[in-house]
Amino acid sequence: MLILYIRLFNALCLEKEVKGKDKGKTKETRMRVERKFVLFLIHTPIGLELFDKLANTSAGRIYARFNIYLMPVITALALFLIVSSLIILTSNSEARVGTRSLGPQANLLIPGLNPYLPWTYGWVALIVTIVIHEAGHGIVARVYNIKVESTGILLFLGIPVGAFVNISPEELAKCTFKQKCAILTAGPLNNMIVVAVSLVALYFVVSTLTPIQTTGAPQYGVAILGVADHSLANSIGLSKGSIIENVAGQKILKINDLENLLKSNLGNTVAITWKDANGHQITRLANLPKQVNINEGILGVSISALPNAAEALKVYKDAFSFKSMNHEILLLPPTLGAGEEVIPFSNLMAPKYHSSLGPAFYPIANMFYWLMFVNFNVAIFNALPIGPLDGGQLYNSLLETKLRSKPDKLRSISSLITYAMVAVVAVSVLVPYLVR
């Protein structure tokens, strides 16, 4: 997935402004506000003081030495995920159709604009993610006595969207390759640590759940995960969370029965019976079209088999096991159609469980999930060998150590790697629209 990460604003918009005092000293001593187009930068010395305190601890020094060689691991994971998504998208037409239905904005990590990233959890997770990421760079820089020029909060049109840390480029250029590796790796690695902590916390929250034993629950039918605007389903009143039980007097016993019954009655008026999200049974007449195009639905709904609370909970908990073959479920958003029926804290499934945490389990589980999701995506995106990103800067430094005496060759290879990586990411985004 392509991530539009606010750190790109740092690389493109934040000027390196400090001429410097004594080496190892920081400049920012009072709060000030700086405007860059629609961005507002609130510079504050609080972060600088915190960086110095943490850098002087033994834990900070051990962390700086520990992370030196870990960027390639995160980069390899990022490349594996991009290549895997390319393989799936080029070989699976349903995956392409599903991706197109979300729209290109689904590739951007912007809450509200991204169709499945919620405003509330998304903004909180994004801000925490960027603060944690930038703090990693700042703390490790201070471990090696590299000047941090300024730090603070970044606002977009007055809305907090993250943080920034400006490290003196002159001093960063003078430090050793290992020190530079540690500084650049600290951001993505901090994010991966938050991923691990969030997953552990999420497991414990999910472990508090027990399925609610219900009577009178539907024994057959298919669940409606989503209804398209201006669709036939929308016109007859079908809504998300409903259970379609009968079409033309025939019971829906398997998930394929709905499509088969609708196709066998094209051009006819049929009765469709369902239970809505409140359990009320409704029957409406639907005038089916005489024909439909390939890869187009008739009702305009996304469906799943009837959700089974006990089975969904077991499958999701098993995904945390090292022996599981379904780890990808943990990255499946609870707001995405395919995730709603298998994720216990989705809107569809959450009402089916009791928890020792009470109703609070729902927002707690979602907050930990989105912290994990956003941190994971920001970490792997920043580890890619693309120019201004952390990975790009690190691999450019590696090339510089090998080609110091050949600056023209260095620039050519560096540019080639960046352009090639950007092309791969662009192709992974465009494939659903280029291949039908």
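Is it true that some residue in segment 95-114 is modelled with pLDDT of 85 or more, under 27 Å from residue 32 (Cβ atoms) and surrounded by 15 or more Cβ atoms within 10 Å (Cβ to Cβ)? No, segment 95-114 has no match at all.
If you go through segment 54-64 and keep only what is surrounded by 12 or more Cβ atoms within 10 Å (Cβ to Cβ) and part of a helix (DSSP H, G or I), you end up with 54, 55, 60, 61, 63, 64.
A single entry from 346, 302 fulfils the requirement of being in contact with a Gly (Cβ under 8 Å, 6 or more places away or on another chain), within 15 Å of residue 223 (Cβ to Cβ) and modelled with pLDDT under 90: 302.
The single condition among (1) over 16 Å from the mean Cα position of the chain (by Cα); (2) closer than 27 Å to residue 56 by Cα that residue 76 does not meet is (2). Within the option set 307, 359, 385, 344, being of a type outside the set (Phe, Trp, Tyr) and without any contact (Cβ under 8 Å) to a residue 40 or more places away in the chain holds for one residue only, 359. Annotation: residue 184 fulfils all but one of (1) of a type outside the set (S, T, N, Q); (2) under 30 Å from residue 140 (Cα atoms); (3) part of a strand (DSSP E or B); the unmet one is (3).
Taken over segment 196-229, the residue count meeting the criterion of being over 24 Å from residue 359 (Cα atoms), surrounded by fewer than 20 Cβ atoms within 10 Å (Cβ to Cβ) and at pLDDT 85 or above is 1.
Being over 15 Å from residue 288 (Cβ atoms) and either surrounded by 14 or more Cβ atoms within 10 Å (Cβ to Cβ) or in contact with a strand residue (DSSP E or B) (Cβ under 9 Å, 6 or more places away or on another chain) (or both) is the filter here, so list the residues in segment 247-272 that pass it.
First, the residues of segment 247-272 that are over 15 Å from residue 288 (Cβ atoms): 251-257.
Scanning segment 247-272 gives 251, 252, 254, 255, 257.
When residues in segment 142-192 are screened for being among the polar types (S, T, N, Q), within 26 Å of residue 376 (Cβ to Cβ) and either surrounded by fewer than 21 Cβ atoms within 10 Å (Cβ to Cβ) or within 23 Å of the chain's Cα centre (by Cα) (or both), 3 of them pass.
Say we look at segment 282-312 and pick out the residues that are of a type in the set (Val, Ile, Thr) and assigned to a strand (DSSP E or B); which of these is surrounded by the fewest Cβ atoms within 10 Å (Cβ to Cβ)? So that I can check it myself, show each step before the final result.
Taking segment 282-312 as the starting set, the residues that turn out to be of a type in the set (Val, Ile, Thr) are 282-283, 292, 294, 298, 301, 303.
Applying the additional criterion that residues be assigned to a strand (DSSP E or B) yields 282-283, 301, 303.
Working: 282: 14, 283: 11, 301: 24, 303: 20.
Here the answer is 283.
You will find that of 102, 126, 113, the residue that is under 30 Å from residue 394 (Cα atoms) and either outside the structural domain of residue 228 (by TED's automatic domain parsing) or not basic (Lys, Arg) (or both) is 126 and no other. The lone criterion from (1) assigned to a loop (DSSP other than H, G, I, E, B); (2) at pLDDT 75 or above; (3) farther than 19 Å from residue 188 by Cβ left unmet by residue 68 is number (3).
Exactly one residue out of 116, 121 is within 15 Å of the chain's Cα centre (by Cα) and either in a helix (DSSP H, G or I) or not hydroxyl-bearing (Ser, Thr, Tyr) (or both), and it is 121.
Taking the criterion of being assigned to a strand (DSSP E or B) and hydrophobic (A, V, I, L, M, F, W, C), would at least one residue in segment 250-257 satisfy it? So far as segment 250-257 goes, no, none of its residues is assigned to a strand (DSSP E or B) and hydrophobic (A, V, I, L, M, F, W, C). Scanning segment 132-141 for residues that are surrounded by fewer than 24 Cβ atoms within 10 Å (Cβ to Cβ) and over 11 Å from residue 166 (Cα atoms) yields a single hit, 132.
The values are calculated or read from the model by the stated rules, or taken from the named source; none is laboratory data. None of these values were measured; they are calculated from a predicted model. Heads up, the Cβs are rebuilt from the backbone with ideal geometry, glycines too, and the neighbour counts pull from every protein chain shown.
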